[in-house]
Amino acid sequence: MRTLRFALVAAALVAGFANASPTDPRVGAEYTVLATPQPTQTVGKKVEVVEFFAYHCGACNAFEPTLVNWVKKQGDNIVMRRIPLPFQGASDPEARLFLTLDAMGKLEQYHHRVFRAVHVERKRLMKDDDIIAWATANGLDKAKFMEAWNSFGVQTKLKRLPQIAEAYKASSTPTVVIDGKYVVSPATVAQSNKIQDMGQLMTATGQVLDALVAKAAKEK
């Protein structure tokens, strides 16, 4: 019976992949559905989009331009939230950097600079001291940065990140969650559609996101 059950599951997965299409994504192929949907922070017809990312993640860096352009294209249809995945646990320095920049109102100005520092300038920003040195060398007032870095608000949010990641079942980056329930990543899109070209993958991922936002909006 167990062998038969596994065979049926495998057959279903193969069938799902065979019918995969970025413009008409299939559950179990391009995306999955959270068993326990998470509450969203949107009202009306707007759809919440959450990206779990990490600054050191090469795939996140590659995905970033596509995501930025996609968010602009969606406009008022969505509300975008970024959540750093704390690979180093509840004191993750990269996640703390993101939260500190956000607390200072500098996130929009510095978010892309961090990606550039890590992936173009080859800076290692995985430790507190290295991050603080980089931030002050790149125009941020040290006293203000340290005030935000050590603030109660940043510390509280930082400690909650592992619980948030667990609730969304996010264990890899980049992972995008649409309306608190539909989970997709460039990796799943590539696998289900057998895409190897990076440009094609970015286009296909955008198409999947478009379809899932439309689906979520229709369900509201």
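Total lysine pairs in the stretch 91-168 at Cα distances under 18 Å, for residues eight or more apart or on different chains: 5. The phi torsions of the stretch 185-196, fed into the Karplus equation with coefficients 6.51, -1.76 and 1.60 and a -60° offset, translate into couplings of 8, x, 5, 5, 5, 5, 5, 6, 10, 6, 9, 10 Hz, rounded to whole numbers, with Gly and Pro shown as x. Heavy-atom accessible area for Asp210, with the other protein chains in place and a 1.4 Å probe, reaches approximately 40 Å².
Taking every protein chain into account, the 1.4 Å probe leaves Ser172 with about 60 Å² of accessible area, to the nearest ten. Note on Arg160: accessible area approximately 120 square angstrom, rounded to 10, probe 1.4 Å, nucleic acids and ligands left out. Which lysines have a Cα less than 24 Å from the Cα of Lys46, not counting those fewer than 8 places away in the same chain? Within the straight-line cut-off, Lys46 pairs with Lys72, Lys73, Lys169, Lys181, Lys215, Lys218, Lys220. Taking amide H as placed 1.01 Å from N in the peptide plane, Ile83 has its amide H under 5 Å from the amide H of Glu51, Phe52, Phe53, each at least 5 places away in sequence or on another chain.
Backbone geometry of the stretch 25-38 corresponds, through the Karplus equation with coefficients 6.51, -1.76 and 1.60 at θ = phi - 60°, to 3J(HN,Hα) couplings of x, 10, 5, x, 10, 6, 8, 10, 10, 5, 4, 10, x, 9 Hz, x marking Gly and Pro. Rounded to the nearest whole Hz, the Karplus-based 3J(HN,Hα) values (6.51 cos²θ - 1.76 cosθ + 1.60, θ = phi - 60°) of the stretch 60-76 follow the sequence 5, 4, 5, 7, 3, x, 5, 5, 4, 5, 5, 4, 4, 5, 5, x, 6, with x at glycine and proline. For the residues Ile178, Ile132, a 1.4 Å probe over the protein chains yields an accessible-area ranking, largest first, of Ile132, Ile178.
Asn138 sits among other residues whose Cβ lies under 14 Å from its own Cβ, and their net charge, with Lys and Arg +1 and Asp and Glu -1, is +3.
The values are calculated or read from the model by the stated rules, or taken from the named source; none is laboratory data. Bear in mind that the values here come from a model prediction, so they are computed numbers and not experimental data. Positions of Cβ are backbone-derived with ideal geometry, glycine not excepted, and every protein chain shown enters the neighbour counts. SASA here: full protein model, heavy atoms, side chains in, ligands and nucleic acids out. Shrake-Rupley method; radii C 1.70, N 1.55, O 1.52, S 1.80 Å.
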